[in-house]
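Down below is the structure, laid out as structure tokens.
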Amino acid sequence: MTKTPIDEYLEAVGEPHRSTLLVVRDRIRTLLPSSEECITYALPTWKVDGHSVAGIGAWKNHCSYFPMSGSVLPQLAEEFAAYTQSKGALRFPVDTPLSVKQLRLLIRTRQAEIAAGKR
């Protein structure tokens, strides 16, 4: 099997970050089965019909989820109040992947924006 750019990104990430992001990747793939995996802004990203829907990344003290929109996380501030976040990034522990339920909410919120014409 040929390595993808996301495989290469994850191979360069140390543990426990890599294992956590691999779980998140598998969950995103399940939630977005027809998505294209690519690297956008130097981060693993999932696109649907050319629109970026989700991204992930690793940093020294946390992992991040990127909804690829500055308005998704403000809409979900209450649901993710326990996490540190900025307008465009949700930070989560290096050893605790986001749940399927959390990812589903993030992805559906982003897809609703795209469907409403907010790219």
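Values quoted throughout were computed directly from the atomic coordinates according to the rules given, and no laboratory measurement underlies them. Note that the coordinates shown come from a computational prediction; the quantities given were computed from them, not determined experimentally.
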Review point. Which whole-percent values make up P(r) of the stretch 12-66 when all C-alpha to C-alpha distances are grouped in 10 Å steps starting at zero?
Key: 25, 56, 19, 1
**Study point:** Estimated vicinal HN-Hα couplings, Hz - the stretch 61-69 in sequence order (Karplus 6.51, -1.76, 1.60; Gly, Pro = x)
**Key:** 10, 6, 10, 10, 10, 10, x, 6, 7
**Study point:** Difference of contour (0.36 nm per residue) and Cα-Cα distance, Arg29 to Ala115
**Key:** 29.0 nm
Exercise for review: Enter the mean projected area of the convex hull around the alpha-carbon atoms of the chain, in nm², rounded to one decimal.
Suggested key: 7.1 nm²
